[in-house]
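**Student:** The following block contains the structure, expressed as structure tokens.
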Amino acid sequence: MTKITGTKNAAPVVILDRDGTIIADKNYLARAEQVELLPNAAAGLRQMQRAGCRLLVATNQSGIGRGYFTVADYEKTAARLAAMLADEGVRLDGVYYCPHSPADGCACRKPRAGLVERAAREWRFAWRDCVVIGDKPSDIELGKNIGARLSIIIGAEKGAADAAVADLVEAAAVIES
Ligand SMILES: [Mg+2]
Ligand SMILES: [Zn+2]
């Protein structure tokens, strides 16, 4: 087992929401052709990646549990996003999704920590070394739940977040500061 030491000053692991954070929120996005990168999203991710951050996506996809689209549909949207980012020189290290509806009461629907728990097992990082970025108060709540180093809200009121930014380039600057 790898011992995690000296992580305090290392580039953080960035836990990113997907819809409304990296791509336009289409309200239960079901088709690959609806995937549309937000302005400065690729540039911001590239900057974080160059700074040594690991990029992990954690996304609630309750459209699956609600029966609006299938896992296969979701996987097509994920593949399209990966391809679009690859064209921009960005590689996501991992993508984790919750397929459940709120009624399922699962442990992985954000703001619950299940997705981060899974990612942390796979990538061996401490929760406190994460930066959480999302567009909803529930993303910020996730950050609080895991004791994240920093919680950043994008395109919305600051609320309980540590910082409010317009896009991922601004988020990258906050992480580097
Ligand atoms: Mg979102
Ligand atoms: Zn879930």
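What follows draws every value from the coordinates through simple rules; no lab data is involved. Values in this document were obtained by computation on a predicted structure and should not be read as measured data. Counting neighbours? That spans all protein chains shown, and the Cβs are built from the backbone with ideal geometry, glycine included.
**Student:** Taking amide hydrogens as modeled 1.01 Å from N in the peptide plane, which residues meet the under 5 Å criterion relative to Gly20, leaving out close sequence neighbours?
**Tutor:** Here the answer is Asp25, since their amide H atoms fall under 5 Å of that of Gly20.
**Student:** In whole Hz, what ³J(HN,Hα) sequence does region 137-152 give by Karplus (6.51, -1.76, 1.60; θ = phi - 60°), x for Gly and Pro?
**Tutor:** For region 137-152, the Karplus curve yields x, 5, 5, 5, 4, 4, x, 5, 4, 9, x, 4, 4, 7, 10, 10 Hz.
**Student:** For the chain, what does the helix formula give at 222 nm: sum of -39500 (n - 2.57) over DSSP H segments with n ≥ 4, over the residue count, nearest 500 deg cm²/dmol?
**Tutor:** -9500 deg cm²/dmol
**Student:** Amide H neighbours of Leu150 under 5 Å, at least 5 residues apart or on other chains, H built in the peptide plane: list them.
**Tutor:** Residues meeting the criterion, in which the H sits 1.01 Å from N, are Val132.
**Student:** Using the Cα centre of the chain as origin and beta-carbon charges of +1 (Lys, Arg) and -1 (Asp, Glu), tell me which of Gln61, Pro39, Phe125 is placed farthest towards the positive end of the dipole.
**Tutor:** Looking along the dipole axis, the top candidate is Phe125.
**Student:** Report the antiparallel proportion of the DSSP beta bridges in region 13-158 as a percent, rounded to a multiple of 5.
**Tutor:** In region 13-158, approximately 5 percent of DSSP beta bridges are antiparallel ones.
**Student:** May I pose another question? Could you pull out every one of the aspartates and glutamates with an alpha carbon less than 18 Å from that of Lys144, ignoring same-chain neighbours closer than 8 positions?
**Tutor:** Partners found: Asp17, Glu117, Asp129, Asp135, Glu157, Asp162.
**Student:** If each residue's Cβ is checked for other Cβ atoms within 10 Å, how do Lys158, Lys76 rank with the fewest at the top?
**Tutor:** Neighbour counts put them in this order, fewest first: Lys158, Lys76.
**Student:** Still on this structure: By count of other Cβ within 10 Å, fewest leading, how are Asp167, Asp139, Asp104 ordered?
**Tutor:** Listing Asp167, Asp139, Asp104 from fewest to most nearby Cβ atoms yields Asp104, Asp167, Asp139.
**Student:** Given the options Ala72, Ala120, Ala32, state which has the largest fluctuation in a GNM of the chain using a 10 Å cut-off (strictly under) for Cα springs.
**Tutor:** Checking each option, the largest mean-square fluctuation is seen for Ala72.
**Student:** Amide H of Ala156 versus every other amide H placed in the peptide plane: which residues, excluding those fewer than 5 positions away on the same chain, fall under 5 Å?
**Tutor:** Val165
**Student:** Using only the Cα atoms of region 13-158, each taken as one equal point scatterer with no solvent, compute I(q) by the Debye sum, divide by I(0), and report log10 of the ratio at q = 0.17 Å⁻¹.
**Tutor:** -0.94
**Student:** Along region 48-59, what does the Karplus equation 6.51 cos²θ - 1.76 cosθ + 1.60 (θ = phi - 60°) give for ³J(HN,Hα), rounded to whole Hz, x for Gly and Pro?
**Tutor:** Whole-Hz 3J(HN,Hα) from phi for region 48-59: 5, 5, 5, 7, x, 6, 7, 10, 10, 9, 10, 9.
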